[in-house]
Amino acid sequence: MRILAVDPGEKRIGVAISDPSHTIANPLTILTHKSRKADAAAILNLASDQNAELIIIGQALNADGIATYQSKRAERLAGEIRSNTHIDVILWDESGSTQAVRDAQISMGVSRRKRRSHVDNIAAAFILQTFLDSSEITELLKSESES
C-alpha cells in the first residue's frame, strides 16, 4: 500500500507519495489549483496512477488546534475526494510544514535564490513523513492486516 499526501494551497497543491514500505515520503508533483472538483479529480488520478490506498490531506490548525479558513478549505477538498472514491481520506495537521521546509533548506545551505522556488510538493512530503513517523500509521496498518 502506498500513501498519497496533499498540501492544498490557494494557488498550488503539493503532492507526495510514500514508498511501499511506508518508510520514506517523496515529493511527487505540484498541481495548479483550478476548482475543488477539478483538484479532487486530479488528485484521484494521481492516486490511481500511484496505486495509493490512502490519501492524507494537510489541514492547518491554529495554535489552539482550532480550524482556520485554510483548514476548512482542506475539509471541503477531502469531502469532494471522499464522495468520488472508495480510498480512505484522512485530514492531518500540517501546521508549519512550509516553514519547516524553508528552515531545513536554510540549514542545508540552499541559496536564497533556490529557496524562492515552489516548495509545495516538498511540504507535502514533510506532511506525509510526519504521518509515516506517527503511531497512527502503525494502528492503521494493524487494522488493515486484521481485516
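Key figures
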read-out	value
Residue count, region 13-22 (criterion: surrounded by fewer than 21 Cβ atoms within 10 Å (Cβ to Cβ) and out of contact with any Leu (no Cβ under 7 Å at 6 or more places or on another chain))	3
Some residue of region 101-108 being among the aliphatic types (A, V, I, L, M), surrounded by 15 or more Cβ atoms within 10 Å (Cβ to Cβ), farther than 23 Å from Met1 by Cβ and modelled with pLDDT under 95	yes
Unique residue being in contact with a Pro (Cβ under 7 Å, 6 or more places away or on another chain) and either at pLDDT 95 or above or outside any helix (DSSP H, G or I) (or both) when the list is Ala16, Ala5	Ala16
Any hit, region 39-58, residues being surrounded by 21 or more Cβ atoms within 10 Å (Cβ to Cβ), out of contact with any Asp or Glu (no Cβ under 7 Å at 6 or more places or on another chain) and within 13 Å of Arg12 (Cα to Cα)	yes
Any hit, region 59-66, residues being modelled with pLDDT of 95 or more, surrounded by 14 or more Cβ atoms within 10 Å (Cβ to Cβ), in contact with a helix residue (DSSP H, G or I) (Cβ under 6 Å, 6 or more places away or on another chain) and on the phi < 0 side of the Ramachandran plot	no
Residue check, Ser71 assigned to a helix (DSSP H, G or I), at pLDDT below 75 and farther than 19 Å from Asn26 by Cβ	no
Any hit, region 27-38, residues being in contact with a strand residue (DSSP E or B) (Cβ under 7 Å, 6 or more places away or on another chain), at pLDDT 95 or above and on the phi > 0 side of the Ramachandran plot	no
Some residue of region 34-55 being assigned to a helix (DSSP H, G or I) and of a type in the set (Ser, Thr, Tyr)	yes
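The values are calculated or read from the model by the stated rules, or taken from the named source; none is laboratory data. Since the structure is predicted, the reported quantities are computational estimates derived from the model, not experimental observations. Positions of Cβ are backbone-derived with ideal geometry, glycine not excepted, and every protein chain shown enters the neighbour counts.
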